[in-house]
Ligand code: HEC
Ligand code: HEC
């Protein structure tokens, strides 16, 4: 009984440490990327949608999920070229 308790708390602790690690690196990449911060400031709104081809599409970006995703180290504008955060809608400024 005692032994298994110690073992499971060790698992918990290392899971926690791992989560901290993810969190740290996530915060790091978010706070160093200016354009990403600018994009996130609007796109972290869960209600944000737009209409594309007559369909309502969610354009919500979860900042926590994003920072932990494989793209977490990238700026939004590494991929979304020509999006001017000061212009709505920015679809028109898209480079094709
Ligand atoms: C690694 C490249 C990459 C990065 C980095 C990236 N995106 Fe995307 N994003 C894509 C691709 C590819 C799509 C799908 C394009 C489509 O469906 O038209 C997409 C789709 C989207 C959509 C939905 C658009 C639509 O028409 O459905 C939004 C909103 C969006 N991204 C915002 C962001 C924001 C904000 C960031 C930064 C936090 C970001 N993206 C970072 C590649 C990227
Ligand atoms: C001022 C708030 C705001 C900021 C800042 C912002 N967005 Fe948006 N974004 C919106 C709104 C509102 C829409 C939907 C408007 C529309 O196109 O109909 C949208 C739509 C989008 C779409 C989907 C439309 C499309 O053309 O595919 C993408 C992708 C996107 N934004 C990416 C970005 C990126 C990348 C940045 C940072 C460079 C950014 N946004 C900054 C508010 C914002």
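Give, in nm to one decimal, the length gained when the segment between residue 90 and residue 55 is fully stretched (0.36 nm per residue of separation minus the Cα-Cα distance).
So the extension gain works out to 10.8 nm.
Tell me the label-point distance for the pair residue 37, residue 81, using the 7 Å Cα-to-Cβ offset, in nm and rounded to one decimal.
Placing both labels 7 Å beyond Cα along the Cβ direction yields 2.6 nm.
The numbers here are math on the coordinates, done by the rules we state, and not lab data. For clarity, every value in this text was computed on a predicted model and none was experimentally measured. Heads up, the Cβs are rebuilt from the backbone with ideal geometry, glycines too, and the neighbour counts pull from every protein chain shown.
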